[in-house]
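Novice: Mind having a look at this structure? Questions to follow.
The values are calculated or read from the model by the stated rules, or taken from the named source; none is laboratory data. Nothing here was measured: the structure is a model prediction, and the numbers come from that model. Backbone-built Cβ (ideal geometry, glycine too); neighbour counts: all protein chains shown.
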Amino acid sequence: MRFGINCEYYPNITSEILENGLKLVRKNKIKWDEPFFKDTKSYLNLKEIKQVSHSFLNEKLKNIIVLGTGGSIQTLLALEHLSQKKIYPISSSRPLELENCLNNTNIEDSVVIPISRGGETLDINSTIGIFVKKGYKFLGLSSKGTMNEILKKLGCPILNVPDLSGRFAGSISNVGIVPAYFSGINIEDFLIGLEQGYKIFMNFDFNPALEFAIFLYELYKKEYKVVFSMPYSRNLEGSVGLFVQEISESTGKEGKGLMGAYQSAPICQHSVLEYLLGGTKGSVIPILWVIENEIPDISLESSIDYVNKHSAQTIINYQADATIQALLEQGVPSAKISLNSPSEANMGHLISFIQSTIYYLCILLDVDWASNPKVVIGKKICNEALKNKASTEQRRRERENVAESSFQNFFG
């Protein structure tokens, strides 16, 4: 199986910097938990998945409705383009997404899969009832908490969710693999690609993921704080979303870290590129993500000679290469990550590269790669306000009081 990832970054870093980075990784890694995500077998029971799915998978099933947010859904979004069925990712109770899903599915052709590790995620728990009331079939991915109790009362099948950091666990557990299997995605090929990737990237020796992490770390030391991704294919946006979540949520603690952000390319060339080329330097790291052999691709018909008969993706990739060259000409450190094709195996390679890179970057920063201790702050505030039936005006007064206390003499 051909390996499907290529990573180039500029400016190049010296062998001395690479050696020092490797030494730091080997020194710091003992402080934190072992990277469980490189184990692609222990947290999965494919036989159980296929047995449970038997009563759901038939010729009528057309829609997979997934109630999940953050790490509970991001791996599936990375594989969504490979689905043979329509996936409705419902990540919260935003009414437009819910209305669209309810208007385009019915109880005969759909299954609802709610996912939560802790079982207390309001975004998910608040949406279950509307599907229950209409009579949809359920398969739960849950182990504890309020959601687990709701699902038990429904009497639906429930598969386990391991108590692991969700953003890293999706690809090696029921969280990502069950809905992918229901969607007709070749999970065996994906897992082979994932395992193959970790054998290369998680060896604690020089490899592309470690080198890229050192590159980002060295730029961080020079005060770069934002990693802006430019995915030049819709088929890459789910994976880039995973990268954005992992780099932000994993590195961003103890007053350290990099923030991830992205906008689809090439449209970002017409909205963000002017800033990257001509705005404040020394703060943003652009990363371009491209597919060499897109699936599907089409041949273009054009009166422009140098466009006519090229494939659509060829034109996109020329734009990507021109963009990174323009960035380099303006002295902007940049990177380009290329995927050979968006197949299941190559998506496994890509996710293994992303997660290995983030792990190494956290070890270099000396922060816990698996935790996200501050995320619960907003959840607690929201739940308390709901329980107390706080009005819009009460909530505004509360944040005004908080801001006055937190920002005393902020502007002098």
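Novice: If Phe36 passes every condition in (1) aromatic (Phe, Trp, Tyr); (2) under 16 Å from Gly170 (Cβ atoms); (3) more than 19 Å from the chain's Cα centre (by Cα); (4) surrounded by fewer than 18 Cβ atoms within 10 Å (Cβ to Cβ) but one, which one does it miss?
Specialist: That leaves (3) as the condition not met.
Novice: If you go through the range 144-158, how many residues are without any contact (Cβ under 8 Å) to a residue 60 or more places away in the chain and part of a loop (DSSP other than H, G, I, E, B)?
Specialist: Residues flagged as without any contact (Cβ under 8 Å) to a residue 60 or more places away in the chain and part of a loop (DSSP other than H, G, I, E, B) within the range 144-158 amount to 3.
Novice: Let me ask something additional. For the range 168-178, indicate whether the set of residues that are surrounded by fewer than 20 Cβ atoms within 10 Å (Cβ to Cβ) and at pLDDT 95 or above is non-empty.
Specialist: No; the residues of the range 168-178 include none that is surrounded by fewer than 20 Cβ atoms within 10 Å (Cβ to Cβ) and at pLDDT 95 or above.
Novice: Sticking with this one: Out of the residues in the range 34-52 that are of a type in the set (D, E, K, R) and assigned to a loop (DSSP other than H, G, I, E, B), which is nearest to Phe204 (Cα to Cα)?
Specialist: For the range 34-52, the residue satisfying everything is Glu34.
Novice: Which of the residues belonging to the range 232-255 are among the aliphatic types (A, V, I, L, M) and out of contact with any Pro (no Cβ under 7 Å at 6 or more places or on another chain)?
Specialist: Leu236, Leu242, Val244, Ile247
Novice: Kindly indicate which of Lys309, Lys379 is free of Cβ contacts under 8 Å to residues at least 12 places away in the same chain and of a type in the set (Lys, Arg).
Specialist: Lys309
Novice: Additional query: Are any residues in the range 21-33 in a helix (DSSP H, G or I), surrounded by fewer than 17 Cβ atoms within 10 Å (Cβ to Cβ) and touching an Asp or Glu at 6+ places or on another chain (Cβ under 8 Å), and if so, which ones?
Specialist: Asn28, Lys31
Novice: To continue, here is another question. Among the candidates Lys389, Lys374, which residue alone is over 29 Å from Thr280 (Cβ atoms), out of contact with any Asp or Glu (no Cβ under 7 Å at 6 or more places or on another chain) and of a type in the set (Lys, Arg)?
Specialist: Criteria check complete, one pass: Lys389.
Novice: Could you name every one of the strands (runs of 3 or more DSSP E) located completely within the range 186-291 that has at least 3 residues being surrounded by fewer than 20 Cβ atoms within 10 Å (Cβ to Cβ) and in contact with a Ser or Thr (Cβ under 8 Å, 6 or more places away or on another chain)?
Specialist: none
Novice: If you don't mind, another one. Looking at Leu61, Leu77, Leu18, can you tell me which residue is assigned to a loop (DSSP other than H, G, I, E, B) and either surrounded by 14 or more Cβ atoms within 10 Å (Cβ to Cβ) or at pLDDT 95 or above (or both)?
Specialist: Criteria check complete, one pass: Leu61.
Novice: If you scan the range 105-118, which residues turn out to be surrounded by 20 or more Cβ atoms within 10 Å (Cβ to Cβ) and assigned to a loop (DSSP other than H, G, I, E, B)?
Specialist: Listed by number, the residues that qualify are Thr105, Arg117.
Novice: A further question on this structure: Scan the range 92-120 for residues that are modelled with pLDDT under 95 and closer than 30 Å to His349 by Cβ and jot them down.
Specialist: Ser116, Arg117
Novice: Answer with yes or no whether Ile358 is assigned to a helix (DSSP H, G or I) and either at pLDDT below 95 or of a type outside the set (A, V, I, L, M) (or both).
Specialist: So Ile358 fails the test.
Novice: Here is a follow-up. Taking Gly279 as the residue in question, decide whether it is closer than 26 Å to Ile247 by Cα, in the same structural domain as Ser248 (by TED's automatic domain parsing) and free of Cβ contacts under 8 Å to residues at least 12 places away in the same chain.
Specialist: Against the criterion (closer than 26 Å to Ile247 by Cα, in the same structural domain as Ser248 (by TED's automatic domain parsing) and free of Cβ contacts under 8 Å to residues at least 12 places away in the same chain), Gly279 qualifies.
Novice: Considering (1) out of contact with any Lys or Arg (no Cβ under 8 Å at 6 or more places or on another chain); (2) of a type in the set (Val, Ile, Thr); (3) in a helix (DSSP H, G or I), say which one Ile337 fails and leave the rest.
Specialist: (3)
Novice: Still on this structure, I have one more. So Asn125 ticks every box in (1) modelled with pLDDT under 95; (2) in contact with a Lys or Arg (Cβ under 8 Å, 6 or more places away or on another chain); (3) not in a loop (DSSP other than H, G, I, E, B) but one. Which box is left unticked?
Specialist: (2)
Novice: Does Leu57 qualify as being in contact (Cβ under 8 Å) with a residue 60 or more places away in the chain, farther than 30 Å from Val161 by Cβ and more than 24 Å from the chain's Cα centre (by Cα)?
Specialist: Taking the combined requirement at face value, the residue does not satisfy it.
Novice: Taking Tyr88 as the residue in question, decide whether it is in contact with an Asp or Glu (Cβ under 9 Å, 6 or more places away or on another chain) and closer than 23 Å to Asn174 by Cα.
Specialist: Yes; evaluated as a whole, the condition is true for this residue.
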